[in-house]
Amino acid sequence: MLFGLSVKRLRWGLLASAVLLVLLLAVFLGYGRYRMLKIAKTIISRAEHHMMENFTYSDSKGGKINYTLHADKVEPPEHGHSGDEVYILHGVTLDIYGRTEGSVDHVYGKDFEFDRTNGNVKALGDVEMDMQAPASVGGQKTAPAQDAASGKPENIHVKTSGLVYVKSLGVAATSERVDFTYGEVQGSAQGAEFDNGRNVLHLLAQVEATGDEHGQPMHLTATKADIDRTSNVATFENAVVTSGDRTGRANHTIAYLRHDSSVERLEGVGGVVLSQGTRQVNSSHLDATFSTASVVQTMKLTGGVTLVDSNAQKPMHGGANVADVTFDAKGSPAKIVATGAANVTEVDHKAAGPAQGLRRSLNSNEITMNFVAGTVPANAPRGTKPKSILHELHAVGGARALGDSWGAAGSQANSAAAKGAPVLKTSQVAADDLLGDFVEDARGEAELKTLHGKGHTQLQQDTSAGAEQVSSGDTLEAVLVTGAPVASGSRVETAVQSGHVIIHSRPAPKAGAKTDVTTATADRANYDGATEKLRLTGSAHVSDGTTEMSAASIVVDQPTGDAEAEGNVVAAVLGNGAGAGQATSAQVTHVMAASGKLQHTSKLAEFRGTDAQPAKMWQGASQVEAANLFLDGEKHTMAARPQANGAVIHAVFAGANAAPKINKPAGNSVVRVTAEKMDYADLQREATFVGKVRMDGLTGNATSQRAVVFLTPAAKNNSGASAPIGVTSGSVDHVVLTGDVQVQQPGRHATGETLLYTASDSRYVLMGTPGHLPKAVDAQQGNVTGATLIFGDAGSTIIVAGEPASPKGKGTRVRTETEVRPEGKK
């Protein structure tokens, strides 16, 4: 887009128009001089040896006068000088009539010398020519230009001196200055040669022309010029054309002419430079074609094409191997194709902010730009013509576009702006095939509106605060914010990527906090620039290094890395420091829920369901079910809550126990717990249950108002990191139940205020209070009461340890074992 703007502001027809004018003047200079000398030779031959004064001769054919020659005096050779036949003509005027009515050329000079012996002619003074420009100047098939004062046709006027015509060589030459004028155009050269035999005119040195080109002053210089009228080819060495702040130059310029002297094709070889103001295009070769009206039609620049703009506010640089330009009927660019490492970069220093300014760049193997005529602003001066503006840009082959902008007001990315630290965002778009559509802004400039990418598309957005996000996919559709202040830069309003979408994002770092990369995959990703959020749909999956989550839809917040999931959420929580490739199935906590939320920086996770369809979290055979699960990765805690008052959560603890002290083999322990809420602290390995606690397993069940399950130390992975948070890792070490404790075993029911269960020996220790002693009703031992009741699984002996303290504070510890006698025996 930037390359196109620079090209359209250079007047590509400038060089051709200037060359055209010089060609016409040079051609008439040589041809007029040749005709004058030829006719003079014929007339002088008639004078023989007689002095003639006021001599006039007219040549006619078929009643039409071809030319008229007038000389104030003709001096024949002096007699006595053997072989000396030199005639002197004074005050010569030659009128040459054209084919059209009123068309006449004039040649005049003070003194001429004619050597009849060798046929050479020499001008002894100034020679001037007035030649009427043909109606086909520049291909304009119109009547000759009219002089404003006289109303007569405007002439080409040529003046020189020291003119010599050498018959044997067929050459007319002068080493003196040659001046020519046509309307507002004036030109000169130092020395000229016209080769009659080869029909070639040489301007020997210091070729120069000044004039007007489409209302702008124009100046042309060249070290020399050659015009071959047989092949209609003109060449210029070191030609430089300037008009206003526009300049065109080349080491060697070749103009291919039509028969009417208009330029059909122009070729520049070596050191081609086209510039305007601070902008400059360089190449090693230029090839341009022109219409019969001398309007440029096509142009091709080859050989290391470069673009440089040294503007302090908006410097620019770019280039390509080849640049092809097609122009409309008015000579404005209609299409530009840059191929071979095409690139352009612009930096806008007008916007307040970082020293490097706001950047815009484009790189591709091939860039095609199409232009349309813009509208004329309402406040533009009268008569202002619409200029071409970029309408469409198509980049093919490794296309990559970059643009800087300030974070949207109120966005999280720009939250630091209110504190005096605005956030700069850099957006990069890449694709195999990238198509951009432009609209005209209020200033009449082209502004990028949409981007369409195909094949290996990538959207990368980084902020100066440190946030990073890179997304890739098969296709990309992006809409940019238009109408914003120029200093804001180009910002993405919305973007949609589809097909094998992969996203890597890293939030802005916080002091003392580790920032992990979040990776996401999906079939489709929708980015909202206003909220800076990315919605993933279709097999959506997110991983932040410690948690992986899949769902029907996942929304990722770019500045923070937070993610929210909806629909069939499945998550896996990895152990601290355990990557996906390291963690084993025993070290991964799995979660299923209706929705989920991950807070990346704080490492908080929420999983939600309903009481009827609760969220589930498990590791191995152990699990927790609740309407709401909350995990804190920083504090290493977890909380489970129901949805409605009175509803409960469920937990299952399963793990291998060591061989108990009682003579029983080692085995698996399974504990099922229900409660109104649950809280787990991983560092202490404690799971606390409150409200309507019910614990099943361990050869029976127990209820209480509160229960604390103490787990064995967590397993370590190969790197030494602990298993993930989730309560389910590890086995039950011991359990403490408090508040209206009731234990139910086959053939036994016990009540108390506190119950301690140790998994290593499968032993229960039931305690009460002085006013509420523990009590057991056993099918074999009957009713048993004591300060502490100790027993094992169903059928085991109940041990009573201690008695309540006496009123005087004294008590005794007794151990009582009671065996119930068979029925009917005393």
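The values are calculated or read from the model by the stated rules, or taken from the named source; none is laboratory data. Please read all numbers here as calculations on a predicted model, not as lab measurements. Here Cβ is always computed from backbone atoms with ideal geometry, including for glycine, and neighbour counts include all displayed protein chains. Heavy atoms of the whole protein, side chains included, go into the accessibility calculation; ligands, DNA and RNA do not. Shrake-Rupley method; radii C 1.70, N 1.55, O 1.52, S 1.80 Å.
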Stretch gain in nm, segment N118-A621, where the contour uses 0.36 nm per residue and the Cα spacing is subtracted: 168.8 nm
Taking r as the C-beta separation of S60 and S291 and R0 as 45 Å, the FRET efficiency to the nearest 0.05 is 0.70
For the stretch 281-349 the translational diffusion coefficient, Stokes-Einstein from a Kirkwood Rh over Cα pairs at 37 °C and viscosity 0.692 mPa s, in µm²/s, is roughly 253
Hey, which of these cross-link pairs are over 21 Å Cα-Cα: K73/K122; K454/K597; K73/K110? K454/K597
Could you work out the local net charge near L451, counting Lys and Arg as +1, Asp and Glu as -1, over the other residues with Cβ closer than 14 Å to its Cβ? -2
Ordering of 54-64, 522-532 by burial proxy (mean other Cβ atoms within 10 Å per residue, highest first): 522-532, 54-64
How far apart, in nanometres, would the label points at R641 and T482 be if each is projected 7 angstrom from Cα along the Cα-to-Cβ direction? 4.8
Which of the peptides 437-448, 294-305 is most tightly packed, and how do the rest follow, going by the mean number of other Cβ atoms within 10 Å of each residue? 294-305, 437-448
Please give the contour-minus-distance gain from V269 to E686: 0.36 nm per residue of separation, less the Cα-Cα distance, rounded to one decimal in nm. 141.6 nm
Using 0.36 nm per residue of separation minus the Cα-Cα distance, give me the extension gain between Q186 and A329 in nm, one decimal. 48.7 nm
Keeping all protein chains in place and using 1.4 angstrom, which order do T230, T475 fall into by accessible surface area, from largest down? T230, T475
Which links in K300/K385; K385/K425; K616/K692; K300/K425; K510/K616 stretch past 30 Å when you go from one Cα to the other? K385/K425; K300/K425; K510/K616
From largest accessible area down, sort Y256, Y97; use a 1.4 Å probe on the protein chains. Y97, Y256
Where labels lie 7 Å past Cα in the beta-carbon direction, separation of T93 and S760 in nm: 13.7
Average projected area of the Cα convex hull of the stretch 254-395, in nm²? 10.6
For E53 paired with Q780, estimate the spin-label separation in nm (one decimal), with each label point 7 Å from Cα along the Cα-to-Cβ line. 17.1
